[in-house]
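A quick write-up on the structure given underneath.
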Amino acid sequence: MSRFAIETKTGWSVRVRGTVQGVGFRPTVYKLAQEFGITGSIWNDGAGVAIEAYGNPVTLSQFVKAIAENAPPLAVIEEIASSPLAKLEGNDLPSQFVICKSNSSAVNTNISPDAATCQACIEDIFSPSGRRFRYPFTNCTNCGPRLSIIEAIPYDRANTSMAKFAMCAQCQKEYDDPSDRRFHAQPNACHLCGPKAWLEDKAGHAVKSESVTVVDAVAAAAVLVQSGKIVAIKGLGGFHLACDATNAEAVKQLRQRKLRFDKPFALMARDINMIRKYCSVSAAELALLQNHKAAIVLLTKHNSTGSDSEILPKAIAPNQSHFGFMLPYTPLHHLLLDELDRPIVLTSGNVSDEPQCINNEEAKERLGTIADFFLLHNRDIINRLDDSVIRFGHNSVTVVRRARGYAPAPIVLPEGFAAAPEILAMGGELKNTFCLLKGRRAMLSQHMGDLEDYKTYQDYQHNLKLYNDCFDGKPERIAIDLHPEYLSSKLGRKLSEQKNIAIDQIQHHHAHIASCLADNDWPLEAGPVLGVALDGLGFGLDQTFWGGEFLLADYSSFERLATFKPVAMLGGTQAIREPWRNTYAHLLAAMGWQSYKQDYDKLELTHYFEGKPLAAFNSMLSSKTGTPPASSCGRLFDAVAAAIGICRDYTSYEGQAAIEMEAMVDLDVLASESEDLAYPFVIAALDENGLPYLEPLPMWQAILGDLKHKTPPATMATRFHKGLAKAVFLMVEKLSVRNDSRWLSTVALSGGVFQNQILLTLVKANLEQAGYKVLVHNQVPANDGGIALGQAVIAAAKQIQEKERDHVSWHTWAGR
Ligand SMILES: [Zn+2]
Ligand SMILES: [Zn+2]
């Protein structure tokens, strides 16, 4: 090398932050260093990855650029920063690039979510000559289990459920070789040294694969599924129950045994062509299906009259316009589905609303009355992770359930939150998640479910501890929902007392809107928006139930500007399970029974009501017992759905009536019918406080008129969606204009009702047409699965502003 070349060499220190450990980052950088002729070293530490690189300045900057552009698939780079190192003389320059041992205090960095099997590993399991041919636990640094197998940090094999498997010499060699795809792949394993799968019948007897003349347990399970059996399958984040999706009898049996009557079943198919037989798949949806997050993607069913489409039994997704499909995401799934020429039902392995089973003994005990066979394995699932559910609409992704593949990846907070104190937000009650806010990152936990279920509550406590340990949690404040009876609020209070940590109570719908702001990277100081939070129920500042709210909100505060009409919930929570109760209460509130009877005596709906104990309800209403008022959009959906004959008697899962009404919308009517036929609302003012609200009386008159004329329910569902969207728009217009000019131009839409794509699309289109900027959710659910993030950012914003106020007042004082 010429003297000139040595002299122009310089050293850079490169710092990489984000999800950069346990994802094959160091070998990737190692390879790039070889390519660019860079020398130096790389290691993991508490802040992420650190690199010392030596080369000439032009090559160094190309090298850093290449790192950003060639990051391995599972890495998420939040920041790359370079700074010059002290000058080294020619002789002191390192002669090669080396990977150093991790600094053991590596705690302050991200744990990567579980990832679907990569293409190279799929090729391994289907290569007859390879040593991983048909090995169901094949993985590498680009794929495989992560959060689901972690017991503690740092993320090393010894701290995962792979600890009990000692690597064979060949696996160890891969693990130690920086040029190998399996370099430091913690769950690395093979037939010889790793976990094994086996098949049992429900009596616990091993089913020998010879008895069904196939090569192994997975192939035998495929034969059983194909023959109509229900097989419990231990997966990545929990057990599933599988059956042949084209076999109506098997699907029916599964529903009956699982006590799951209406809620749709998820499906898995071998490949995209198989999914296309049943659903339309856009390019964007295809990308979501093939993403390493491998979520269940909700896809529009083909019209069953289409010539080249096939149909699946109605019982898979009753009264739905969508199927939830996923592609195989573990080697075990790939091997199983490869044997099958049809899709399978792959629904969570649980009874009714309990959490998914995760261990073999528990599964055999609890699923013994459901499954005929069990496909088990001995790699323990440490942390339960449900399948995530997503949907593509209005040009962006909507996350319905955020779990496997997403958690615990952090959500990077908007500008202004750098000074946030550490916060633990406890979440809500239904669809619970919690959130640990640390630095500018929010770790939103995986979906756990309804805390009222004891096992779910146990899972909640387990995960709180896990996240606290893994992210070195030292919260300075705890944020809880205002509802005094939520189990999450109670636990938050207990933790606050035990650990002497200050607590913040956050209003439910303010949390929804704040989560939407954070989801849209809305800066802390960007000012207030008009938040429209439409959901089921949340505790209001006035101690009543809210659920259809128009809020002037920023991160730290809100004002309730308008609402939906508060209507009694007959029998309290019973009104959630029996939608007709809401119809009756709404009609009483809108027009009174006498006047209703006078005009609509002949309606079938009237006869239906007359079969109910109306006198008892009337006395409950007059004595105001068991009839809490709720300004809930969810209950309005229930009331309308029941009136037009959807889920009138009862619902078997939360939001069912609204979901089925959305599925019923007639897209032709939606596109072509005159706006004049949309059901109208008027804006009135509440007697008690003068607050503007949406009065549905004219809507009810229109619905009852349509019932008289025997208008098709699909047309009615459509007119309701259009009318409600218009009403929301008109209310926004009223609230955002003062003295003839628009003083609010940004609208944030949140709350579970906005998972309704038709309503969301209509509201958004109306607003955008009128020039509003509209914020909708994308990485975080609009439903209660997102409120923990909202709670966390609200508590953080309050603290940041308080500190600023203190600072300002100190300066004022000091200046005197
Ligand atoms: Zn792989
Ligand atoms: Zn091995």
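The values are calculated or read from the model by the stated rules, or taken from the named source; none is laboratory data. Since the structure is predicted, the reported quantities are computational estimates derived from the model, not experimental observations. Every residue, glycine as well, gets a Cβ built from its backbone with ideal geometry; the counts of neighbours run over all protein chains shown. Note: accessible area is taken over every heavy atom of the protein model, side chains too, but ligands, DNA and RNA are not part of it. Shrake-Rupley method; radii C 1.70, N 1.55, O 1.52, S 1.80 Å.
In the range 154-183, the residues that are without any contact (Cβ under 8 Å) to a residue 24 or more places away in the chain reach residues that are more than 16 Å from ligand 2 (Cβ to nearest atom) and among the hydrophobic types (A, V, I, L, M, F, W, C) with C-beta atoms within less than 7 angstrom, at least six apart or across chains, in these pairs: ASN159/ILE150; ASN159/ALA152; ASN159/ILE153.
Against the test of being in a helix (DSSP H, G or I), within 16 Å of ligand 2 (Cβ to nearest atom) and open to solvent by less than 40 Å² (accessible area, probe 1.4 Å), the options TYR135, TYR175 yield a single qualifying residue, TYR175. Scanning the range 677-688 for any residue that is farther than 18 Å from ARG581 by Cβ and part of a helix (DSSP H, G or I) turns up at least one such residue. Among the candidates ALA47, ALA53, ALA86, the residue that is more than 18 Å from SER179 (Cβ to Cβ), modelled with pLDDT under 90, surrounded by 13 or more Cβ atoms within 10 Å (Cβ to Cβ) and among the aliphatic types (A, V, I, L, M) is uniquely ALA47. Report the residue count in the range 151-183 for those that are among the charged types (D, E, K, R), away from ligand 1 (no atom under 16 Å from the Cβ) and under 35 Å from the mean Cα position of the chain (by Cα). Total satisfying the criteria: 4. Looking across the range 344-362, the residues that are surrounded by fewer than 24 Cβ atoms within 10 Å (Cβ to Cβ) and more than 21 Å from the chain's Cα centre (by Cα) come down to VAL351, ASN359, ASN360, GLU361, GLU362.
Selection over the range 118-132 of residues that are open to solvent by 20 Å² or more (accessible area, probe 1.4 Å), within 12 Å of ligand 1 (Cβ to nearest atom) and in a loop (DSSP other than H, G, I, E, B) gives a count of 1. Highlighted here are the strands (runs of 3 or more DSSP E) found entirely within the range 343-406 that include at least 2 residues which are under 30 Å from ALA166 (Cβ atoms): 373-377.
Residue pairs whose Cβ atoms lie under 7 Å apart, separated by 6 or more positions or on different chains, with the first residue in the range 195-207 and surrounded by fewer than 17 Cβ atoms within 10 Å (Cβ to Cβ) and the second β-branched (Val, Ile, Thr), are ASP201/VAL207. Considering LYS803, LYS773, LYS710, LYS798, the condition of being of a type in the set (Lys, Arg), farther than 14 Å from CYS516 by Cα and either without any contact (Cβ under 8 Å) to a residue 40 or more places away in the chain or surrounded by 21 or more Cβ atoms within 10 Å (Cβ to Cβ) (or both) is satisfied by LYS710 alone. Checked against (1) touching a residue at least 24 places away in the same chain (Cβ under 8 Å); (2) away from ligand 1 (no atom under 16 Å from the Cβ); (3) not in a helix (DSSP H, G or I), ALA222 passes all but a single condition, namely (3).
Do we have any residue at all in the range 540-557 that's open to solvent by 20 Å² or more (accessible area, probe 1.4 Å) and part of a strand (DSSP E or B)? If you could, list the steps in order and put the result at the bottom.
First, pick out the residues of the range 540-557 that are open to solvent by 20 Å² or more (accessible area, probe 1.4 Å): 541-545, 552, 554, 557.
Now restrict to residues that are part of a strand (DSSP E or B): 545, 552.
Scanning the range 540-557, I find at least one residue that is open to solvent by 20 Å² or more (accessible area, probe 1.4 Å) and part of a strand (DSSP E or B), so the answer is yes.
Does VAL281 count as among the hydrophobic types (A, V, I, L, M, F, W, C) and part of a strand (DSSP E or B)? Reasoning before the result, please.
Numbers: among the hydrophobic types (A, V, I, L, M, F, W, C): yes; part of a strand (DSSP E or B): no.
No; evaluated as a whole, the condition is false for this residue.
Scanning the range 741-754 for residues that are open to solvent by 40 Å² or more (accessible area, probe 1.4 Å) and of a type outside the set (Lys, Arg) turns up SER741, TRP743, SER745.
All conditions in (1) in contact with a Pro (Cβ under 7 Å, 6 or more places away or on another chain); (2) crowded, with 19+ Cβ neighbours inside 10 Å hold for LEU289, with the sole exception of (1). If you take the residues of the range 138-172 that are surrounded by fewer than 17 Cβ atoms within 10 Å (Cβ to Cβ) and assigned to a helix (DSSP H, G or I), which of them is nearest to ligand 2 (Cβ to nearest atom)? Across the range 138-172, the extreme among qualifying residues is GLN170.
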